[in-house]
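Below is one structure; the comments refer to it alone.
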Amino acid sequence: MKRQVTANGRSGQIEIAGSRVRYAREDGVEIESGYSMLQTGPTEFSILLDGRSYRVNAGEGGQVWVNGSLLTVEVFDPRDLRPGGHGSATQGRQQVTALMPGKVIRVLVAAGDPVEEGQGLIVVEAMKMQNEMKSPKSGRVAEVRARPDATVAAGEVLVVIE
Amino acid sequence: MFKKVLVANRGEIAVRLVRALRELDITSVAIYSDADRGSLAVRLADEAAHVGPTPSSQSYLRIERILEAAKRHGAEAIHPGYGFLSENARFAEACRAEGIVFIGPPPEAIRSLGSKTAARQLAIAAGTPIVPGTGSALSGWEEARSTARKLGYPVLLKASAGGGGKGMRRVDRESELQAALRDAASEAGRAFGDNEVYLEKLVEEPRHIEIQILGDHHGNLIHLGERECSIQRRHQKVIEECPSPLMATHPDLRERMGQAALKVARAAGYANAGTVEFLVDRDANFYFLEVNTRLQVEHPVTELVTGLDLVEWQLRIGAGERLTLRQQDISWRGSAIECRIYAEDPDHDFLPAPGKIARLSEPSGPGVRLDSGIFEGWNVPLDYDPLLAKLAAWGPSRDAAIRRLDRALAEYVLMGVRNNITFFREVLAQPEFRAGKLSTSFLDRFFARRSKPEPGPDAEAAAALALVLAAKKNETTDSLPRAGSGSRWLESGREDLLR
């Protein structure tokens with residue numbers, strides 16, 4: 001079985017055959033060894049690579065914990081590969097999203113306001129910390145979706161700049 | 001001694017206090033807001049009282065509700081922990097008025113030390129050196145500008161009622177002063193209900209070293225040595241240790257700082273546990289900063305090195321017992337270091353990261369102490385401080401303590417909320433940290449040169465292998481009718497069928 005791998009931003013390939021595994025990175029680094037794997041919890045695995053022990057915890061969003069280090073790892077079947085990536089952000093309009101869940105405590109701009117790059121737009125507070133959301137570019141405020149005192153989720157669009 | 005004590009706090013410190021009470025055969029009463037009904041403290045305590053909705057202004061800060069709960073449950077005393085009402089003189093007075101013991105200093109001492117500006121006046125009178133700055137709250141922009149010009153930039157704006165870095169701003173030039181003043185006052189107002197701020201000369205690359213003090217209500221007062229808390233982000237401590245590495249080269253510094261701390265405490269009529277904070281400059285000159293009139297977050301490192309239980313002593317002193325320890329009884333054995341485990345993302349400016357703890361496996365073993373308020377499945381609320389737990393390690397030397405702490409951090413699995421566990425492993429590996437070259441700007445410099453460690457191809461292969469095989473297993477499992485029983489026995493039987 002062959003799978004494409006992206007680990008900490010680098011691509012590679014993993015090949016599993018019987019009790020052997022081969023992992024080859026695009027930068028030429030390659031390992032090949034015998035393996036043993038045991039699932040020790042809903043998201044936890046114990047892996048032995050030629051007798052070297054790895055404790056692996058698979059988290060959300062490709063985050064994988066291995067022996068006290070965090071890696072961002074994704075695996076996919078090369079047959080499922082779609083050409084092209086995600087649609088890139090549109091040139092004209094840019095959305096400013098909440099980096100963390102929290103409460104909107106101040107809205108500093110209104111629709112139609114001209115803004116400079118780096119100018120504060122909205123102040124969101126969570127866990128007693130205030131975070132000022134800044135404009136990613138100079139332009140005009142197209143839309144303000146955030147309301148004072150509203151609770152927002154991470155990733156929620158607060159302001160649109162054009 | 002008391003028979004029943006109410007714990008007026010939440011999170012890891014509530015757990016710490018409930019544990020101390022259990023060890024002393026004192027019945028514990030936890031309090032909880034709506035969000036904390038399922039908290040560890042509520043489940044470990046003997047009794048629990050609901051005090052209101054989730055926002056702390058409607059629950060953990062509601063004096064009358066907490067007192068009402070204490071009376072209803074028959075608690076003789078209240079331990080406030082840290083934060084919330086712990087440094088609120090009105091609360092201490094309200095307890096006294098109801099005949100309930102407030103475990104902490106007398107309200108008069110809280111009041112005179114609680115205002116940073118009043119505390120500075122007290123320190124001056126006691127002959128303890130302070131950082132140059134305004135002796136009292138700023139009257140406004142004009143005074144701020146003229147004072148800052150007199151002191152010379154950079155300066156530091158601080159909240160009079162402050163703590164934990166709230167309402168604090170570094171100002172490097174006059175053009176930034178007005179905005180900083182507004183922000184600091186607004187943040188102080190939101191955090192403490194008091195928007196007074198004052199100004200200090202900024203000591204460049206200082207160490208933050210504090211002295212633990214302990215006194216009874218019979219005039220006995222001693223110090224338990226220092227904690228160095230120079231590793232900070234946003235003016236908040238994240239790593240604390242005892243002894244300070246500075247003591248190795250300045251053997252008389254502990255005693256000099258200890259005596260300076262006791263002078264301030266005596267002047268304020270202090271009793272119970274408290275902490276006197278100092279800034280220490282490059283030449284090991286120390287300047288009084290403030291007094292925290294409560295148990296500190298980082299008290300475990302002092303406990304590990306002195307062998308004393310600070311919470312037990314707080315309770316004994318609160319019950320009127322005499323401090324039987326003399327200064328010469330205190331000795332410091334080995335070295336202890338603590339990391340504050342926060343739900344925050346060190347890769348994105350330490351933004352808070354509330355959410356559900358999807359997976360938790362906690363470290364243990366020789367010399368490891370974990371004070372935690374979380375469990376697998378717990379939803380970390382966004383309404384409170386993001387401190388999840390404190391991991392501390394003790395070793396016969398500083399180097400041994402560092403290696404033990406790193407070992408424990410490497411065992412610590414906490415998935416589902418972003419946290420700073422692996423970040424601490426990076427910090428502990430820094431040669432400057434190992435050499436004890438600490439200052440409050442340590443983390444800024446660390447980030448400027450940070451290169452994330454690469455775990456290596458074996459770790460990547462192990463991770464990829466787990467993901468591939470887990471995905472394959474899920475495919476097979478999903479194609480079968482769901483058993484849905486939740487029974488491990490049935491599940492394992494089902495897994496056998498899949499083999």
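The values are calculated or read from the model by the stated rules, or taken from the named source; none is laboratory data. The shown structure was predicted, so the numbers you read here are calculated from the model rather than taken from an experiment. Positions of Cβ are generated from backbone atoms using ideal geometry, with glycine treated the same way; all protein chains shown enter the neighbour counts.
Numerical summary
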read-out	value
Selected residue (criterion: nearest to the chain's Cα centre (by Cα)) from residues of segment B:99-116 that are more than 21 Å from residue B:210 (Cα to Cα) and assigned to a helix (DSSP H, G or I)	B:107
The one condition in (1) within 9 Å of chain A (Cβ to nearest Cβ); (2) at pLDDT 95 or above; (3) touching a Ser or Thr at 6+ places or on another chain (Cβ under 9 Å) that residue B:383 fails to fulfil	(2)
Segment A:48-79, subset within 7 Å of chain B (Cβ to nearest Cβ) and small (Gly, Ala, Ser), residue surrounded by the most Cβ atoms within 10 Å (Cβ to Cβ)	A:58
Matching residues in segment B:392-418 - criterion: being closer than 22 Å to residue B:227 by Cβ and touching a Phe, Trp or Tyr at 6+ places or on another chain (Cβ under 7 Å)	B:401, B:409
Where a residue in segment B:2-31 is under 15 Å from residue B:56 (Cβ atoms) and its partner, wherever it lies, is modelled with pLDDT of 95 or more and among the acidic types (Asp, Glu), with Cβ under 6 Å and at least six apart	B:10/B:36
Residue B:112 among the hydroxyl-bearing types (Ser, Thr, Tyr), closer than 25 Å to residue B:382 by Cα, buried (at least 17 other Cβ atoms within 10 Å of the Cβ) and not assigned by TED's automatic domain parsing to the domain that holds residue B:383	no
Boolean, residue B:457 is facing another protein chain (nearest Cβ under 7 Å) and surrounded by fewer than 22 Cβ atoms within 10 Å (Cβ to Cβ)	yes
Neighbours by Cβ (under 6 Å, 6+ apart or cross-chain): first from segment A:13-32, at the interface with chain B (Cβ under 9 Å from one of its Cβ atoms); second surrounded by fewer than 17 Cβ atoms within 10 Å (Cβ to Cβ) and outside any strand (DSSP E or B)	A:16/A:1
Selection from segment B:20-37 of residues that are within 22 Å of the chain's Cα centre (by Cα) and under 15 Å from residue B:374 (Cα atoms)	B:32, B:35, B:36
Those residues of segment B:36-64 which are farther than 19 Å from residue B:192 by Cα, in contact (Cβ under 8 Å) with a residue 60 or more places away in the chain and either touching a strand residue (DSSP E or B) at 6+ places or on another chain (Cβ under 8 Å) or outside any helix (DSSP H, G or I) (or both), in sequence order	B:38, B:39, B:40, B:41
Residue, modelled with the highest pLDDT, within segment B:203-230, restricted to residues that are under 22 Å from residue B:155 (Cα atoms) and surrounded by fewer than 20 Cβ atoms within 10 Å (Cβ to Cβ)	B:205
The listed residue being in a loop (DSSP other than H, G, I, E, B) and more than 12 Å from every other protein chain (Cβ to nearest Cβ), out of B:369, B:333	B:333
Leading residue by the ranking (modelled with the lowest pLDDT) among those in segment B:154-190 that are among the hydrophobic types (A, V, I, L, M, F, W, C) and out of contact with any strand residue (DSSP E or B) (no Cβ under 7 Å at 6 or more places or on another chain)	B:161
In segment B:65-98, the residues that are of a type in the set (Gly, Ala, Ser), surrounded by fewer than 23 Cβ atoms within 10 Å (Cβ to Cβ) and in a loop (DSSP other than H, G, I, E, B)	B:74, B:83
Index of the failed condition, residue B:423 passing every other in (1) over 27 Å from residue B:332 (Cβ atoms); (2) without any contact (Cβ under 8 Å) to a residue 12 or more places away in the chain	(2)
Single residue of B:74, B:140 found to be at pLDDT 95 or above, on the phi > 0 side of the Ramachandran plot and more than 25 Å from the chain's Cα centre (by Cα)	B:74
Exclusive hit being touching a residue at least 12 places away in the same chain (Cβ under 8 Å), of a type in the set (Asp, Glu) and farther than 19 Å from residue B:61 by Cβ, set B:98, B:76	B:76
Residues satisfying the stated conditions in segment B:256-282, i.e. in a helix (DSSP H, G or I) and buried (at least 24 other Cβ atoms within 10 Å of the Cβ)	B:257, B:261, B:264, B:265
Residue check for residue B:119: hydrophobic (A, V, I, L, M, F, W, C), part of a helix (DSSP H, G or I), in contact with an Asp or Glu (Cβ under 6 Å, 6 or more places away or on another chain) and not assigned by TED's automatic domain parsing to the domain that holds residue B:185	yes
Failed condition for residue B:363, given (1) within 14 Å of chain A (Cβ to nearest Cβ); (2) outside any loop (DSSP other than H, G, I, E, B)	(2)
Those residues of segment A:33-43 which are at the interface with chain B (Cβ under 9 Å from one of its Cβ atoms) and either small (Gly, Ala, Ser) or not in a strand (DSSP E or B) (or both), in sequence order	A:33, A:41, A:42, A:43
Boolean, residue A:45 is modelled with pLDDT under 90 and of a type in the set (Phe, Trp, Tyr)	no
